[in-house]
Structure formats: C-alpha cells, structure tokens
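Trainee: Quick one: this structure, given as structure tokens, is what I'll be asking you about.
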Amino acid sequence: MVTWSNHIVKMYEYGLAEDKRDAAEAAAAEFVDYLRDVAKQRANSPGEDIVSDLLRSELTEDELVATAVLLLMAGHEATVNVIGNGVNALLTHRDQWERLVASPDLLDPCVEELIRFDAPLQLFERTATTDVEIAGFRVAEGEKIGALLGAAARDPKVFDRPDTLDIGRTPNAHLGFGMGIHYCVGAPLARVEIAAALSSLASKLPGLELAETPERRPEFVIRGLRSLRVTTA
C-alpha cells in the first residue's frame, strides 16, 4: 500500500512527467482492484476491520472503495509526514522536545502546533462554482485558486510569533485539515495516530536525538521527509 500511495500522491504535484502520471494512474487502478477484492472477501467473511464496518453501512461498492482509499491513502500520507516533520521540528528545537517529555499534558496542543509549523500539505486547489470576489480579487466561475496552506500557517495576522515552534500554542487556528465542507474526514484519526506516536517516543525515548540531517522528499505540494535517522543519548 505504501508504494501505491507514494505513486498516487504524485498527482498533486505540478509539472509531473508523463511516466510519473502513468505510474500514478496504474497504482490507483491496482489499489482500487485490491480494495474491491478485499470487500468481496469481507462480505463473505466479515472481520473486525474498517472494510467490514463500511460493508455494514449503506454505501455502494464504489462509495465504499472511495472511502477506503481516502482513509488508507490520504490518511497514511498526511499522518506519516506530520510525524516525520514534527519529530524533526521537535528535535531541532530541543527546548520544545524537553518540554513535551516533562509535560505530557501538552500532547494535544503539540499535535496541532506540529501540523501548523511544518504543514504536510502545502497547497490545495479549489474551483469556483460561481463568480466570486476574494480579498478584492474577482474569481470567475470555473477558475481555480490555490489555497497556500503552508503560508497560511505562518500568517502573522493570525498567529503570534508565527515562525516560533510553541507546543503549548492555544488557540491554534491552522488550516492543516481544511475548512468547511472540505474539512478532512480523517482528521480525528490522524490526531489520535500522531498523538500516540509522539507519546510513545517522548515516554520511552526521552533522549532521542537526530543522527543526521534528514533528507526531504523532492515534492512541493506534499511536504515530507525521505528519511529521518535518530539515535538515543
């Protein structure tokens, strides 16, 4: 699934080479075929898993597959990148890592701050469904605009000291999960997963340190690390 996911999310990027587009489309088709097969298996033999739960709903087969793809692929990419970016941020801002280790009650605001500070999704496009004016600019029906989520997360009109990592920051009105009808359906799950990972690291490996400067993935829209090597003191 990780390989499929890594290929598919390349479609978010601009100026994608034809071979990468082909790989993304092939990965998407393989992923859908796999989930349809899993759905058939679970229909005959239900288990304690998300596909079995979805089968108990009133979703059509296409809706079930689309929901599973969203939860498994989008959830995997965003969560992995928040954890990677976030741990890197904490370990390069040692005072904040030590603050989390000493005060586990800061876990929830820490999760929100890491999503804001180094956003895993830097940009999302939206298409105007009618003529609209935004901040004095006219957008015609059918035109696209780019929501620069990473830039919004550092907006000094919204955040005090926006370039400072503060794991106790509250309120924290970041747009990491979107807004309105486009708000991420997997946000609650992502928060739980990120919190669980950070809690385990802080409690079991308080002496965690970077072993080397991490390598970033080359993409622009999806911001994450190719590797994050750590050691313990």
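Trainee: Considering only the stretch 110-127, state which residues are more than 24 Å from Gly224 (Cβ to Cβ) and part of a loop (DSSP other than H, G, I, E, B).
Mentor: Selection gives nothing.
Trainee: Out of the residues in the stretch 4-19 that are modelled with pLDDT of 80 or more and exposed (fewer than 14 other Cβ atoms within 10 Å of the Cβ), state the one that is farthest from Glu61 (Cα to Cα).
Mentor: Result: Ala17.
Trainee: Separate question: Regarding the stretch 219-230, can at least one residue be identified that is in a strand (DSSP E or B) and within 16 Å of His93 (Cα to Cα)?
Mentor: So far as the stretch 219-230 goes, yes, one or more of its residues are in a strand (DSSP E or B) and within 16 Å of His93 (Cα to Cα).
Trainee: Only residues that are more than 16 Å from Leu55 (Cβ to Cβ) and of a type in the set (Lys, Arg): list them for the stretch 23-45, please.
Mentor: The answer is none; no residue qualifies.
Trainee: Further question on the same structure: Return only the number of the condition from (1) surrounded by 15 or more Cβ atoms within 10 Å (Cβ to Cβ); (2) on the phi < 0 side of the Ramachandran plot that Glu212 does not satisfy.
Mentor: (1)
Trainee: Does the stretch 82-92 contain any residue that is surrounded by 20 or more Cβ atoms within 10 Å (Cβ to Cβ), modelled with pLDDT of 90 or more and over 15 Å from Ala202 (Cα atoms)?
Mentor: There is at least one residue in the stretch 82-92 that is surrounded by 20 or more Cβ atoms within 10 Å (Cβ to Cβ), modelled with pLDDT of 90 or more and over 15 Å from Ala202 (Cα atoms).
Trainee: Test Gly207 against the criterion of being buried (at least 18 other Cβ atoms within 10 Å of the Cβ), of a type outside the set (Val, Ile, Thr) and at pLDDT 90 or above, and give yes or no.
Mentor: Judged against the criteria, Gly207 is not a match.
Listed here are the residues, each with its yes/no results for (1) surrounded by 10 or more Cβ atoms within 10 Å (Cβ to Cβ); (2) under 20 Å from the mean Cα position of the chain (by Cα).
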{"residue": "Phe124", "(1), (2)": "yes, yes"}
{"residue": "Thr127", "(1), (2)": "yes, no"}
{"residue": "Val132", "(1), (2)": "yes, no"}
{"residue": "Val139", "(1), (2)": "yes, no"}
{"residue": "Glu143", "(1), (2)": "yes, no"}
{"residue": "Ala153", "(1), (2)": "yes, yes"}
{"residue": "Lys157", "(1), (2)": "no, no"}
{"residue": "Arg161", "(1), (2)": "no, no"}
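Trainee: Give all pairs with beta carbons closer than 6 Å in which a residue from the stretch 24-46 that is in a helix (DSSP H, G or I) meets a residue that is aromatic (Phe, Trp, Tyr); count only pairs at least 6 apart in sequence or on separate chains.
Mentor: From residues that are in a helix (DSSP H, G or I), the pairs are Ala27/Trp4; Phe31/Trp4.
Trainee: Please note which helices (runs of 4 or more DSSP H) are completely contained in the stretch 55-109 and include at least 2 residues that are free of Cβ contacts under 8 Å to residues at least 40 places away in the same chain.
Mentor: Hits in the stretch 55-109: 61-69, 94-102.
The values are calculated or read from the model by the stated rules, or taken from the named source; none is laboratory data. Just so we're clear, the structure is a prediction, and the values are computed from it rather than from any experiment. Note: ideal-geometry Cβ built from the backbone for every residue, glycine included; neighbour counts use all protein chains shown.
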